[in-house]
Amino acid sequence: METPDLLGPAGADASVRPATAGDVAAVGAVHSRSWRAGYADHLPAEVLEALDPEALSAAWAGAVTDPPSPRHHVLVACAGSTVVGFLASDDAGEIVGLHVDPTHQRRGHGSRLLSAAADLARTDGVAALSAWCPLVDTPRREFLVSAGFGTDGAWRELEVPGAAIGMREARLVASLDAGG
């Protein structure tokens, strides 16, 4: 199966591509910074401070270098050659990670990541994308809704290590039918 061209034009200022082993440190750093910025008002400071970029990098390394199946993907968004965001999806089209560095948000990186993930999911024969979104994360929910996602009524409690309480999440889905 041929991988869709995700690179965009040569020399593009903004692009999306499959993550490589060399991107793992940047993925962990983006993950840490996005959680620290996005959840500063919702999680204890000590929990956010414990989000070590190196530990997060190690957690993402296997997904990047040895994915469980060819239908598991980790994509990175780049500004020039700098990784500024990432998206990870599983074989069923669930987005298990979508983060853009706070200093690079609202520049289209998240939209490019979602578009590339949708293209790969279609190639993989997946009918819909899904993502869990913390109820307290209004910007993420609004972004996903603007991209065609809607709630399906499912919810869960996300356990946050070190926090006394978890974060309630709602599942959002988007059909990948023609035009989806």
Determine which member of the set ALA127, ALA170 is farther than 21 Å from VAL76 by Cα, surrounded by fewer than 15 Cβ atoms within 10 Å (Cβ to Cβ), touching a residue at least 24 places away in the same chain (Cβ under 8 Å) and not hydroxyl-bearing (Ser, Thr, Tyr). ALA127
Residue pairs, Cβ under 8 Å, 6 or more apart or interchain, first in region 46-63 and without any contact (Cβ under 8 Å) to a residue 60 or more places away in the chain, second part of a helix (DSSP H, G or I) and among the polar types (S, T, N, Q). List them. LEU51/SER32; ASP52/SER32; PRO53/SER32; LEU56/SER32
From GLU142, GLU159, which residue is over 27 Å from VAL16 (Cα atoms) and without any contact (Cβ under 8 Å) to a residue 12 or more places away in the chain? GLU159
How many residues of region 18-63 are within 13 Å of the chain's Cα centre (by Cα) and more than 25 Å from GLU169 (Cα to Cα)? The answer is 2
Residue, modelled with the lowest pLDDT, within region 141-167, restricted to residues that are surrounded by 16 or more Cβ atoms within 10 Å (Cβ to Cβ) and among the small types (Gly, Ala, Ser): ALA163
State all residues of region 30-55 that are part of a loop (DSSP other than H, G, I, E, B) and of a type outside the set (A, V, I, L, M, F, W, C); if no residue qualifies, say none. TYR39, ASP41, HIS42, PRO44, ASP52
Of all residues in region 110-140, how many are among the charged types (D, E, K, R) and at pLDDT 95 or above? 4
Given (1) out of contact with any Lys or Arg (no Cβ under 8 Å at 6 or more places or on another chain); (2) at negative phi; (3) free of Cβ contacts under 8 Å to residues at least 40 places away in the same chain, number of the condition ASP90 does not satisfy: (1)
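The values are calculated or read from the model by the stated rules, or taken from the named source; none is laboratory data. Bear in mind the structure is a predicted one, so any value in this text is a computation, not a measurement. Using ideal geometry, Cβ is built from the backbone for each residue, glycine included, and neighbour counts are taken over all protein chains shown.
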